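What follows is one structure encoded as structure tokens, with my remarks underneath.
The values are calculated or read from the model by the stated rules, or taken from the named source; none is laboratory data. Only a predicted model underlies this, so the values are computations on that prediction, with no experimental measurement involved. Every residue, glycine as well, gets a Cβ built from its backbone with ideal geometry; the counts of neighbours run over all protein chains shown. What goes into the accessible areas is simple: the full protein's heavy atoms, side chains included, and nothing from ligands, DNA or RNA. Shrake-Rupley method; radii C 1.70, N 1.55, O 1.52, S 1.80 Å.
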Amino acid sequence: MPAAPFDYEAPATLADALDLLRERGEDARPLAGGQSLVPLLTLRLARPRLVVDLDRLHELRAVRRTPGALEVGALVRHRALERGEGLLALCPLLQEAAALIGNARVRALGTVGGSVAHADPAAELPAVLRALDGAVVLRSARGERVVDAGDFFVGMLTTALAPGELLTAVRLPLPSPGAGFAVEEFSRRAGDFAVVAAVAVVELDGGAVARARVALAGVGPVPARLDRLEAALRGERLESGAIRRAVAERPLEIDPEGDIHASAEYRRHLAAVLTARALERAAEAAGRAIV
Amino acid sequence: MAESPAATRERLRVVGRRLPRHDARDKVLARTLYAADWQMPGMLEGAVLRSPYPAARITRIDTSRAAACPGVAAVLTARDVPHNILWTDVPGQTSVVGPLRARVQVLADDQVRYQGEAVALVAAETREIADRALELIDVAYEAQPGVFTTEDALRPDAPRVHEEGNVLATWRVRCGDADTALARAHAVVEQTYRCGLIDHAYLEPEAGVAWIDADGVVVVRASTQVIEHFRDVADVLGLPHNKVRVIGPYVGGGFGGKEDVTVEVFLGLLAYRTGRPVRMVWSRQESLLARPKRHPFTLRYRTGAARDGTLLAHRIELTADAGAYAYLSALVLLYATVTAAGPYRVPHVAVDARAVYTNNPPTSAMRGFGAMQMVLGYESQIDQIARRLGLDPVEVRRRSALRRGDRLPVGQALDTHVAVAEAAERAWAALGPPRAPSSPRHRVGRGLACNLQPYGRLVWLRDWASAWVGLEADGSVVVRCGVPDVGGGQASSLCQIAAEALGVEPDRVTVHIADSALTPLAGTTTATRQLYMSGNAVLVAATQLHDEVRRVAARLLETPVEQVALADGAATAGPERRVLLADVVKECARLGVPRSHLGVYHAPAGDPVDLERGGGRVFPDYTFGAHAVEVEVDVDTGAASVRRHVACHDVGRAINPQSVEGQVQGGAVMGLGYGLMEEIIVDRGVNLTTSFASYLIPSALDVPDVEPIIIESGDGKGPFAARGIGEPPIGPPAAAIANAVEDAVGVRITDLPITPEKIARALGLLSGG
Ligand SMILES: Cc1cc2nc3c(=O)[nH]c(=O)nc-3n(C[C@H](O)[C@H](O)[C@H](O)COP(=O)(O)OP(=O)(O)OC[C@H]3O[C@@H](n4cnc5c(N)ncnc54)[C@H](O)[C@@H]3O)c2cc1C
């Protein structure tokens, strides 16, 4: 079915865009790469009166380095992450995660801001943001605020974004040099959203784990961090099997629901398998970095 | 056939060549006008209002607000349809249910029986207005209890989907004494299998345009496998059959989903009511929601074998979910019943099959048509027998493989070559040496599955096809044939056949297809019958023409007719004597010799047979094949992926080997999707899979290169001894994968699709139940 009729504006500046969004409130919907919004429109699951195309807002394409972090503009495309263009190369985790998003067509158009604002529970970038303890920069006509990723994702496809607000950038604290990382995911078919994805970042200190972080997608309404497992791994030495044992010893602190692609039980199982695989590979990479 | 296959191949000039299809270039350059591409001045857009409930009474429909909407030309409900019922007849049913005159309502009147059933039609100036008008139609539904599984439908107190009761059709086969043979068998395997509800998922959803011609004829140009639906359109409108014409453009995939009426009747109604051209294009969601799908079956097999693995007996119970309307269910069930013992000699067979109404989406024709669902049953059973007895999978099949002259359990003797054992051997051997797993967490396994699939329709339908072949004054050739081309190269193959028979290059042949007013009727592009039927009809016409032209050429060349050959657009008698075809045609005109012929081909015909008492011929013939696959299973996630796939079929003769390989590869990939991931999920009648994000079909990245092996036995009932290959290759993959998974990780999956979760559960990786 074609979309329900709507008006279309493509403002030339961020200020104009924010003014439009303030004026039209709940009636307006920003459009970035359109890879999630356009299907919602044609399925008539979204029926905005006005679509505000962000494509001309060049200020949202910037990538900046700040002390200890990378700030990635909302309109940076998945393809740029995948290729590690320019400063993005400073965070190769983005490269690995972005390569797993959808297919080449989706990556050519989809944007960082769109993915994070859309907040699909199975999406990779929100999980990366959680794994790195990142934050999002939100702007409205009234001003700017910065929200931690942990507070930004509120529920399934629901975020802390208020009407009239745009996500302008994501902030990614860079892991210490020598950190290892990995993304492991499982999907039913090539090019699909993951059923479950695991993002792991491991920092070592003399052969023992100084800090391990794991974020999971697809196991609940928002990306989950595994605090108890992370704590248990601290100080653990990484001879073979240690990670698998640590994962197997305690139930993961997740409460997935079943759907047509996987039962709750199978998601829980996949979460454990992928967590172990991601942590092992991240630890191995960290180990190599030390040598 | 007196001539050896090799000698025939040697003699043929055009048949057997890998020719690019004449329609390929236009398709690639987007110049082909598919059904939805057709535009006409003043054309309206049509749309369908569909029931959100799977079982409900309609207590009121108010169309006044929709009709008053500016730009709306017509709003139709059941009351506006002159004859609101389409009938399907299934002659020869040996059933307790009695001869079946099954109904499908055009538009629901007081009762809806499945979610997505059509309730009202709209035609409007634009698609937007039509969609808006649909929202303005006010329908009051009173939800009713429905039945959503065949088990529930068969309970005595179950709500009735139709007044006559929930059993729509039954078939029984009795051959020998299965129970006694099972009691005496050395090894008995008993298992229940389930195969799922799946969609055709063609590239091109249902679409068409209808208009009223100057002479009052209702013309429907629609994506269809059956232009003969002009009769249904006429019956519904209450018009004489000769006042409706159906034109079939090139179709973007049918697979049986465009065998029943789709948009044709709706378009006819809207065009007739408004007097204006109307277009209707269904969305993917609509197609996935509301079109008839493949029958899910429950298959219970008890199979007995001797110590050496020879098959002795099958007792088989089949239950098919027919959904809410009969469509072709009774026939699909018959195909299942006839082929349930597989391509093997089994002396004692008992089959009890029934199709049951539910409030699920209707099910009807889909590539393989009941016969393909059986492969999971008989090939899983034979594999387990081999495993039980420690036999090689090829050896166990070779022991019982059908041979020419053997009889099927329904009593039909096989009177052409039967390549089962050869196909199994060649497919298995082509896998080559096993390959190493890609990680320590993977296991590799192999599986084999053979099949048989009828080509051509039931002999008691007395099938026939006609085609017209003519020579123009310049020696170019015209073929007219009512065959719809659904993308399988149906039209192209006819060019090759006519070119071969008349000694011209295929580019000298133009083929006009699929117009019920202008092309001789050739019947449906279904049942693996078009190359067989319309190919034979073209060959009959072209051969008559050839003989006539040759006689005239002999006069011109002043030689005995036996010395004249038609080749390269000329008639020759030895190297010296030659006359151009164009000149022979002119001479024919001068002499009053016809330069065209109407060829009619009649398939072997017979009366309905009693399957319980000896039976006899049911189908003209069968195509046999075998697939071998190598899978790799991830022992942590349960995911199985197919790494190699060899597909071997005897096609008698490959008219165009490239088209044959295309059919084999396409069918195999479709079978892989069926085996591994495709599933329409219906929760109490509500379809949860109405987009390609939820209904998963394999992409190119999910399947290996399918390696075709084409056997040309030189024996078959089609033109030049060809056998049909449209449906057969979809049969074996699912069973081959199930067999390979057991080989890899030792668990038997009996329910399709074989998802990672099912394997993980069978491996004991999931704790709870
Ligand atoms: C076939 C397919 C497969 C896919 N597979 C994956 C996958 O595996 N993993 C994955 O993560 N994603 C996947 N996606 C989704 C894809 O990554 C989308 O691009 C992404 O989720 C949304 O980004 P977008 O730029 O296209 O946003 P849009 O579709 O334009 O917008 C999405 C939503 O975010 C809002 N929005 C967009 N930008 C902003 C902003 N700057 N501020 C505030 N709100 C904003 C929009 O209003 C809308 O609600 C897939 C999509 C498709 C079609």
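Things to note:
- Number of residues in region A:162-207 that are away from every other protein chain (no Cβ under 14 Å) and part of a strand (DSSP E or B): the value is 19.
- Verdict on B:Arg13 being outside the structural domain of B:Ala210 (by TED's automatic domain parsing) and outside any loop (DSSP other than H, G, I, E, B): no
- Scanning region B:722-764 for residues that are within 14 Å of another protein chain (Cβ to nearest Cβ), open to solvent by less than 10 Å² (accessible area, probe 1.4 Å) and in a helix (DSSP H, G or I) turns up B:Ile759, B:Ala760.
- Contacts under 6 angstrom Cβ, first residue in region A:21-50 being within 13 Å of chain B (Cβ to nearest Cβ), partner within 12 Å of the ligand (Cβ to nearest atom) and open to solvent by less than 20 Å² (accessible area, probe 1.4 Å), 6 or more apart: A:Gln35/A:Gly110; A:Leu40/A:Ala46
- Selection within region B:262-308 - of a type in the set (S, T, N, Q), over 30 Å from B:Gln191 (Cβ atoms) and surrounded by 24 or more Cβ atoms within 10 Å (Cβ to Cβ): B:Thr262
- Filter result (open to solvent by 20 Å² or more (accessible area, probe 1.4 Å) and assigned to a strand (DSSP E or B)) within region B:106-139: B:Gln111, B:Asp138, B:Val139
- Boolean, A:Gly86 is near the ligand (Cβ under 6 Å from one of its atoms), touching a strand residue (DSSP E or B) at 6+ places or on another chain (Cβ under 9 Å), of a type outside the set (S, T, N, Q) and not assigned by TED's automatic domain parsing to the domain that holds A:Val222: no
- There is at least one residue in region A:155-174 that is of a type in the set (Ser, Thr, Tyr), within 18 Å of A:Glu124 (Cβ to Cβ) and touching a helix residue (DSSP H, G or I) at 6+ places or on another chain (Cβ under 7 Å).
- A:Asp133 closer than 18 Å to A:Ala215 by Cα, more than 15 Å from the ligand (Cβ to nearest atom) and assigned to a loop (DSSP other than H, G, I, E, B): yes
- Within region A:250-288, tally of residues that are basic (Lys, Arg), facing chain B (nearest Cβ under 9 Å) and more than 22 Å from A:Ala208 (Cα to Cα): 1
- Considering residues of region A:75-106 that are small (Gly, Ala, Ser) and not in a helix (DSSP H, G or I) only, the residue surrounded by the most Cβ atoms within 10 Å (Cβ to Cβ): A:Gly102
- Check on A:Arg142, more than 8 Å from the ligand (Cβ to nearest atom) and more than 14 Å from chain B (Cβ to nearest Cβ): yes
- If only residues of region A:43-65 that are surrounded by fewer than 19 Cβ atoms within 10 Å (Cβ to Cβ), over 20 Å from the mean Cα position of the chain (by Cα) and in a strand (DSSP E or B) are counted, the one that is farthest from the ligand (Cβ to nearest atom) is A:Leu50.
- For region B:410-420, a residue qualifies if it is part of a loop (DSSP other than H, G, I, E, B) and either touching a helix residue (DSSP H, G or I) at 6+ places or on another chain (Cβ under 8 Å) or open to solvent by less than 30 Å² (accessible area, probe 1.4 Å) (or both), and the qualifying residues are B:Val410, B:Gly411, B:Gln412, B:Leu414, B:Thr416, B:Val418, B:Ala419.
- A:Leu40 vs. criteria hydrophobic (A, V, I, L, M, F, W, C), closer than 27 Å to A:Ala194 by Cα and either within 11 Å of the ligand (Cβ to nearest atom) or assigned by TED's automatic domain parsing to the domain that holds A:Arg189 (or both): yes
- Hey, B:Tyr272 part of a loop (DSSP other than H, G, I, E, B) and either in the same structural domain as B:Trp211 (by TED's automatic domain parsing) or in contact with a strand residue (DSSP E or B) (Cβ under 9 Å, 6 or more places away or on another chain) (or both) or not: no
- For region A:157-197, filtering for residues that are under 30 Å from B:Leu701 (Cα atoms) and away from the ligand (no atom under 14 Å from the Cβ) leaves 3.
- From B:Tyr335, B:Tyr325, B:Tyr378, residue being on the phi < 0 side of the Ramachandran plot, open to solvent by less than 10 Å² (accessible area, probe 1.4 Å) and not in a loop (DSSP other than H, G, I, E, B): B:Tyr378
- Matching strands (runs of 3 or more DSSP E) fully within region B:602-712 where at least 2 residues are basic (Lys, Arg) and buried (at least 24 other Cβ atoms within 10 Å of the Cβ): none
- If the condition is being touching a strand residue (DSSP E or B) at 6+ places or on another chain (Cβ under 8 Å) and surrounded by fewer than 21 Cβ atoms within 10 Å (Cβ to Cβ), then region B:24-35 contributes only B:Tyr34.
- Any hit, region A:19-31, residues being under 30 Å from B:Trp282 (Cβ atoms), out of contact with any strand residue (DSSP E or B) (no Cβ under 7 Å at 6 or more places or on another chain) and either away from the ligand (no atom under 13 Å from the Cβ) or hydrophobic (A, V, I, L, M, F, W, C) (or both): no
- Lone unmet requirement of (1) within 11 Å of the ligand (Cβ to nearest atom); (2) over 30 Å from B:Ala207 (Cβ atoms); (3) of a type in the set (Gly, Ala, Ser) for A:Ala15: (1)
Residues are listed down the side, and each one gets a yes or a no for (1) open to solvent by less than 10 Å² (accessible area, probe 1.4 Å); (2) under 30 Å from B:Asp634 (Cα atoms):
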residue	(1), (2)
B:Met374	yes, yes
B:Leu389	no, yes
B:Val396	yes, yes
B:Arg404	no, no
B:Leu408	yes, no
B:Glu422	no, no
B:Arg426	no, yes
B:Ser439	no, yes
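- Any hit, region B:377-399, residues being acidic (Asp, Glu) and more than 19 Å from B:Gly625 (Cα to Cα): no
- In region A:232-245, the count of residues that are of a type in the set (A, V, I, L, M) and either touching a Ser or Thr at 6+ places or on another chain (Cβ under 8 Å) or surrounded by fewer than 15 Cβ atoms within 10 Å (Cβ to Cβ) (or both) is zero.
- Restricting attention to region A:108-122, the residues being open to solvent by 10 Å² or more (accessible area, probe 1.4 Å) and in a loop (DSSP other than H, G, I, E, B) number 3.
- If the condition is being surrounded by 14 or more Cβ atoms within 10 Å (Cβ to Cβ) and either within 12 Å of B:Arg113 (Cα to Cα) or assigned by TED's automatic domain parsing to the domain that holds B:Gln115 (or both), then region B:142-184 contributes B:Gln144, B:Gly146, B:Val147, B:Phe148, B:Pro159, B:Val161, B:His162.
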